[in-house]
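The structure under discussion appears below in the form of C-alpha cells.
Each value in this text was obtained by applying a stated rule to the coordinates, not by laboratory testing. Here the structure is a predicted model, which means the values were calculated and not measured. In this analysis, Cβ positions are derived from the backbone assuming ideal geometry, glycine residues included, and neighbour counts consider all displayed protein chains.
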Amino acid sequence: MFNHVKVSSIAACAILLLACGLVPNLAVAGPYVVRGAVPEDPSVQPGQNVTPVAATTYGQYGGGFIEMLVTVGQSAPSASYQPQPSERQVAAYSPPAQTLDVRRKIDPIYMRTEVDYSGKERPGSIIVDTSNKFLYLVTGGGRAIRYGIGVGRPGFEWSGVKTVNRKAEWPDWTPPKEMLARRPDLPRRMVGGPDNPLGARALYLGSSLYRIHGTNEPFTIGQNVSSGCIRMMNDDVVDLYNRVSLGARVVVR
C-alpha cells in the first residue's frame with residue numbers, strides 16, 4: 001500500500017513538472033538501429049563495420065521521465081540481451097550500382113621495342129601494319145622502332161600513303177561531321193588534356209580526317225577500335241612525336 005501511494009504521488013508530481021516544461025524528456029535503451037548504415041551517411045564506406053547504438057523508444061508508460069519513475073526498481077535488460085529480429089531496425093548498406101569497367105591488360109608484344117628492318121622505306125618513314133597492330137618508325141642502319149597500336153574497327157579500315165602535315169601537343173578534339181552523324185551525343189569540341197580521346201600528341205595525316213594520336217584508353221591497344229585513326233599509348237606517341245618531322249612519309253597497309 002505504501003509503495004503504491006508513493007509511486008502514485010511521484011507520478012503525479014512528474015506529470016505536473018512535465019506539463020510546466022521543467023523536466024526534459026528522457027529516453028531509455030530499446031531496439032537497436034545501425035548508425036550510418038544508409039548510403040546517405042558519407043562517413044560510412046562499403047564494407048566498413050558499424051556500431052549498434054541505442055535508439056530512442058517508448059515503453060508501456062510512454063517513455064521519458066514518467067517511464068523512469070514508474071519502472072524504478074525494475075531490472076534493466078542484461079548486457080547479454082539480444083533483441084529479436086522482429087525488434088531490430090537494421091538498414092544494411094547497399095552501395096549504388098556501378099557499371100563494371102573491365103580493363104584488359106596490354107599484351108607485352110605491343111610494348112615499344114627496337115627491331116630489325118630490311119624494307120625499302122627511308123629513315124624517318126612510318127609504316128603502319130594494321131593487320132598485326134604495329135607501327136614502325138624506320139631509324140636507319142637496318143633498324144626500326146616498333147610500337148603497338150589500335151586501328152580502325154570493321155568498316156573503318158583503310159590503306160594508302162600520307163604525309164605528316166601537322167603536329168600538336170595535347171590537341172583539342174573536334175569530332176568530324178561524319179562522326180557526329182553517327183554519334184550525335186558527342187561534344188562538338190573538347191579541349192586537350194588527359195581526358196581527351198586524342199591523348200598527349202597527334203600527328204595529322206595530309207588532308208584526311210585520320211591521325212596518329214595518343215589515347216586515354218591504353219587497354220584498347222592491339223584492337224580494332226577506332227573510326228580509322230591510329231591510336232598509341234601516350235608514352236609511345238610522345239616518343240614518336242619527338243622523332244618524326246613534318247613531311248614524314250606514312251605508309252598504311
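Numbers at a glance
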read-out: Evaluated at q = 0.17, 0.18 Å⁻¹: base-10 log I(q)/I(0), Debye formula over Cα of the range 108-252; value: -0.91, -1.03
read-out: 5 angstrom amide H check on residue 199, placed H, neighbours 5+ away; value: 216
read-out: Inter-site label distance for residue 153 and residue 245 at 7 Å from Cα along Cβ, in nm; value: 3.9 nm
read-out: 249, 146 arranged by Cβ crowding within 10 Å, fewest neighbours leading; value: 249, 146
read-out: Using θ = phi - 60° and Karplus 6.51 cos²θ - 1.76 cosθ + 1.60, couplings along the range 142-159 (whole Hz; Gly, Pro as x); value: x, 10, 8, 9, 9, 10, x, 9, x, 10, x, 6, x, x, 10, 6, 7, 8
read-out: Residues residue 207 and residue 112, FRET efficiency given R0 of 35 Å [Cβ-Cβ distance, rounded to 0.05]; value: 0.75
read-out: Residues in the range 128-163 reached by a label modelled at residue 186 [backbone nitrogen below 14 Å; 7 Å Cα→Cβ]; value: 152-153, 156
read-out: Cα gyration tensor, the range 198-242 - rounded (a/c under 1.5), prolate or oblate; value: oblate
read-out: Local net charge near residue 249, Cβ-Cβ under 13 Å (Lys/Arg +1, Asp/Glu -1); value: +3
read-out: Where a label projected 7 Å from the Cα of residue 179 along Cα→Cβ would reach, residues of the range 216-253 with amide N under 12 Å; value: 216, 226-231
